Amino acid sequence: MLQLSSAGKRFGQKLLFEDANWLITPDERTGLVGGNGTGKSTLLKILAGIETLDYGQLTRVKGMTLGYLPQDGLALRGKTVFAECLSVFDHLHELEAESIALTHTLSEADPKSREYAAAAERYSDIADQLHVHDIYNLDSQVGAVLGGLGFSKEDWERKTEEFSGGWQMRIALAKLLLQKPSLLLLDEPTNHLDLESRNWLENYLHDYPNAYILISHDRYFLDVTVNKTIELWNKRMHVYHGNYEKYVVQKEERRTQLMNAYKNQRDRIEALEAFINRFRYQATKAKQVQSRIKELEKIERIEVPEEEATIHFSIPQPPASGRTVIEVSNLTKVYPTPDGGEKLILDNLNFTIERGDRIALVGANGAGKSTLIRLLSQQEEPTSGQIKLGHNALVDFFAQDQYKVLDPAAGMLDDISAASPKVPVVELRSLLGCFMFSGDDVFKKLGVLSGGERNRYAMAKMLVSPTNMLLLDEPTNHLDLRAKDVLLDAIRNFTGTVLFVSHDRYFIDGLATRVFEVEDRRLHIYPGNYEDYLWRKQGGPEKTTASLTASLKPIPSSNSVILSEVPALVEGTESKDPEEAVVAQTLNSVQPQIPIKRLNPIKLKQLEDRLHHAELEIPRLEGAIAATEARLGTFTSAEQSQKDAAELDNLRTQRQSLLTEWEELSLTLEEQRA
């Protein structure tokens, strides 16, 4: 379908790649990877015909169609969203109009004439094309794609110019997907998509009938969408069969083979040189020396290019907070609407964030994730309810537009050095290099950087002087795979608490120990990472509301208050989820008991024994909770963190149940003694 032969490209004096050979087939499913600046986007533009080769040849099959989505920069105006997407079928509507005109020709022309025969043949061709493209279901096709990419039906009739740059890119992507070109070229298609839209796009590409090539910094997205990986490395194109995960394994194997071949070749060269130097001037060995000189000259030297240094940056550990970092009670947020009304965003949320939690905040665009994270960071005030910080809790907030708070007149290296005077400059420059600032870039003024570059810098700056509670809104935006790895490793080793919004599945799965989902103005809490969350959403145990699964609030002084705050449960309902069963048991334990005015001595002794047992068991549970929290504070693996988080929730539920029982027993015994 398309072929590169001995292709090469320069960017100024820099050689991006050379001697590239690539035959693109009709079933191509390829991910294009490589370090920053290796020429991935340039290669995609060459395939799209936007840029030209400096060396070699690009050959296309006649009749093939191309669709190209750049990273950004597209702006659409003048039409509604639905009309803009429907415009990709204008040629079909023209064919439909032509077919109507041909029916008039056929009805009026002589059936035996050439005019009739030509019209009939053309009409048949058009009918076939309209049938293939399902002309009568175009509206439903547009609606399905727009819905999958996150556009509500209300958005369909809005003008395209009303949308931000990220949503404009979604419209452009929708148009390409509807066109279904022979070869789809996508440069970072997930940059502006939330998790739900990414999941939809993964499924769409899985069933896409034609070829596509894409660039992405989302490992999970690459794993589930491609079956071939092409890496631009060391000015060459390297082909690997399989998805990104297999590429990583194969690359390491290839690297090992290369190093072994290099070592064997060096050993042979050293042996030949030693023989030549030893017997060069001995006439009896002249023939052997000449033979070895010729062998040495014929050896094609193996070159081992320098690998990018792996950066392991350790976040300076913050002072420890108290056990409870943030406690939220009855939180509600309402925004005024332009027509003078009100829009309810968050409704009566109750939850607790504990020290060491790694919480992923998920939900559809517009569900209220950014609103909640701004409320927790005190960037906004709640309409009602309370957000209480725990002992020594120090909160730092990283916003999507964090670059706006930077001093544009400050130099990059000077600014980050001032924020972390104890960190060596060499280590700071290595960290900046991971975030794609190398060489003289570190001496630039922050004001000359783009928004994305300044956001990358802001993330690097946060890492060198963190607080003990990090609230991160899209921290992986604008980061390549290497920078994401640095960030992920740094936060894994962070002893504080983290709540983050991210659309990167790999990042969430590698970090989260709990998932908070904002849906229908409420908060639902799931233990584990994103995979566990999806399992529960797709048929696992039913979700549990935050008021049940979050750490329960301190016990009020009367049972009437307790019962008023606990949602009613359907009696007799069995739960398959052990966690929910424990919660249900806890709630059942606080049901009002029938007042007993006088107890016989045997019953009284039983109550006293139960009270004594609770008084012994509560300190044991407190110790177990403290030990589990300590384990969560030191990251060993994602699997262990998930187990510890689940155990912690179970222990807290048991403690709450015992505390409630202890209070009931104490009140009953006091009444009896009185």
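Numbers at a glance
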item	result
Top-ranked residue in segment 396-419 [being at pLDDT 85 or above and assigned to a helix (DSSP H, G or I); ranked as nearest to residue 472 (Cα to Cα)]	416
Condition broken by residue 191, with the remaining ones in (1) within 25 Å of residue 5 (Cβ to Cβ); (2) at pLDDT below 90 satisfied	(1)
Candidates 184, 176, 214, filtered to the one that is part of a helix (DSSP H, G or I) and surrounded by 15 or more Cβ atoms within 10 Å (Cβ to Cβ)	176
Subset tally (residues that are of a type outside the set (Lys, Arg) and not in a helix (DSSP H, G or I)) for segment 279-295	2
Of residues in segment 138-168 being in contact with a strand residue (DSSP E or B) (Cβ under 8 Å, 6 or more places away or on another chain) and not polar (S, T, N, Q), the one surrounded by the fewest Cβ atoms within 10 Å (Cβ to Cβ)	157
Filter result for the condition that a residue is within 16 Å of residue 477 (Cβ to Cβ) and in a helix (DSSP H, G or I), over 427, 453	453
Whichever residue in segment 406-433 is touching a residue at least 40 places away in the same chain (Cβ under 8 Å) and among the aliphatic types (A, V, I, L, M) and, among such residues, is surrounded by the fewest Cβ atoms within 10 Å (Cβ to Cβ)	419
Meets criteria (among the small types (Gly, Ala, Ser), in contact with a Ser or Thr (Cβ under 9 Å, 6 or more places away or on another chain) and surrounded by fewer than 19 Cβ atoms within 10 Å (Cβ to Cβ)) for residue 447	no
Where residue 485 falls short, out of the listed (1) surrounded by fewer than 21 Cβ atoms within 10 Å (Cβ to Cβ); (2) in contact (Cβ under 8 Å) with a residue 24 or more places away in the chain; (3) under 21 Å from the mean Cα position of the chain (by Cα)	(2)
Matching residues in segment 207-221 - criterion: being more than 15 Å from residue 184 (Cβ to Cβ) and not aromatic (Phe, Trp, Tyr)	217, 218, 219
Residue check for residue 150: within 18 Å of residue 198 (Cβ to Cβ), modelled with pLDDT under 90 and touching a helix residue (DSSP H, G or I) at 6+ places or on another chain (Cβ under 9 Å)	yes
Looking only at segment 458-482, and only at residues there that are under 25 Å from residue 447 (Cα atoms) and polar (S, T, N, Q), the one that is surrounded by the most Cβ atoms within 10 Å (Cβ to Cβ)	476
Test for residue 379: is it within 24 Å of residue 524 (Cβ to Cβ), modelled with pLDDT under 90, assigned by TED's automatic domain parsing to the domain that holds residue 472 and out of contact with any helix residue (DSSP H, G or I) (no Cβ under 8 Å at 6 or more places or on another chain)	yes
First in segment 91-113 and outside the structural domain of residue 136 (by TED's automatic domain parsing) and touching a residue at least 60 places away in the same chain (Cβ under 8 Å), second anywhere and exposed (fewer than 15 other Cβ atoms within 10 Å of the Cβ) and part of a helix (DSSP H, G or I), Cβ under 9 Å, 6 or more apart	none
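The values are calculated or read from the model by the stated rules, or taken from the named source; none is laboratory data. Note that this is a predicted model, so its numbers are computed, not measured. Virtual Cβ from ideal backbone geometry, glycine too; neighbours counted across all protein chains shown.
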